[in-house]
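Undergrad: One structure coming up, written as structure tokens, with questions to follow.
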Amino acid sequence: MNIQQATFGNGCFWCTEAIFQSIQGVQSVKSGYMGGSKPNPTYIEVCNGDTGYAEVIRLEYDADVVSFDTLLLAFFKSHNPTTLNRQGNDVGTQYRSVIFYHSDEQKQQAEAMIKRLTGEHIFDQPIVTEVTPASEFYIAEDYHQNYYNDNKMKPYCMFVIQPKMTKFAKEFTSIIKPGLL
């Protein structure tokens, strides 16, 4: 195994966590906060929008099974990277589109992917995703972990996350873990 880390912020971490948990080669996904300055932020503090933190997922993946480029493509296709500080009804800097890179190679790959997607006109508007060095990761409260899998019958999961999962699975069938389709 060739275990690597990736950290992405692309809106609500409940949705993002569910998407990345479904990908072959992803070993673990943790919801949390990155990019701010106050030690040990709480969900309420981050939701207030003035801490500088983004809701993120930190994942560990086997690079022998899934490439960072594939994860980047999943990242960009699973949210709208053209809206500044907003994903759907979630508004604020905590919902910004951001890649927190863990190495120079990840930074270069992220920048190359943005250039590629821009050149291919995949999105109607310019990509506003930040590419920023990873900083201290603070894991979110326990009730945020594995949220979709533990709460599939809650309205938010049924009406927001499930449609995103279905759309993602249709486009990324080849990388979805067996038994999840």
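Derivation of every value follows stated rules applied to the coordinates shown; laboratory data play no part. Quantities reported herein were computed from a predicted structural model and do not represent experimental measurements. Every residue, glycine as well, gets a Cβ built from its backbone with ideal geometry; the counts of neighbours run over all protein chains shown.
Undergrad: Just need a number here: residues in segment 79-95 that are crowded, with 22+ Cβ neighbours inside 10 Å and either assigned to a helix (DSSP H, G or I) or among the basic types (Lys, Arg) (or both).
TA: Total satisfying the criteria: 2.
Undergrad: Please tell me if residue 79 is within 14 Å of residue 55 (Cβ to Cβ), in contact with a strand residue (DSSP E or B) (Cβ under 7 Å, 6 or more places away or on another chain), touching a residue at least 12 places away in the same chain (Cβ under 8 Å) and not hydroxyl-bearing (Ser, Thr, Tyr). Please lay out each step first, then the result.
TA: Numbers: within 14 Å of residue 55 (Cβ to Cβ): yes; in contact with a strand residue (DSSP E or B) (Cβ under 7 Å, 6 or more places away or on another chain): yes; touching a residue at least 12 places away in the same chain (Cβ under 8 Å): yes; not hydroxyl-bearing (Ser, Thr, Tyr): yes.
The answer is yes for residue 79.
Undergrad: Just to be sure I understand, how many residues within segment 64-78 are of a type in the set (S, T, N, Q) and either in a strand (DSSP E or B) or surrounded by 22 or more Cβ atoms within 10 Å (Cβ to Cβ) (or both)? Break it down stepwise before answering.
TA: So in segment 64-78, the residues of a type in the set (S, T, N, Q) come out as 67, 70, 78.
Still in the running and either in a strand (DSSP E or B) or surrounded by 22 or more Cβ atoms within 10 Å (Cβ to Cβ) (or both): 78.
Residues meeting the conditions: 1.
Undergrad: Looking at segment 1-63, what strands (runs of 3 or more DSSP E) fall wholly within it and have at least 1 residues that are surrounded by fewer than 16 Cβ atoms within 10 Å (Cβ to Cβ) and of a type in the set (D, E, K, R)?
TA: Per the criteria, 54-62.
Undergrad: If residue 98 meets every condition in (1) out of contact with any helix residue (DSSP H, G or I) (no Cβ under 7 Å at 6 or more places or on another chain); (2) not in a strand (DSSP E or B) apart from one, which number is that one?
TA: So residue 98 meets the others, but not (2).
Undergrad: Something else now. Considering only residues that are in contact with a helix residue (DSSP H, G or I) (Cβ under 6 Å, 6 or more places away or on another chain) and either charged (D, E, K, R) or closer than 15 Å to residue 31 by Cα (or both), which ones fall in segment 43-68?
TA: Selection gives 46, 53, 54, 55, 57, 59.
Undergrad: Can you pull out every residue in segment 153-181 that is within 12 Å of residue 78 (Cβ to Cβ) and in a loop (DSSP other than H, G, I, E, B)?
TA: 172
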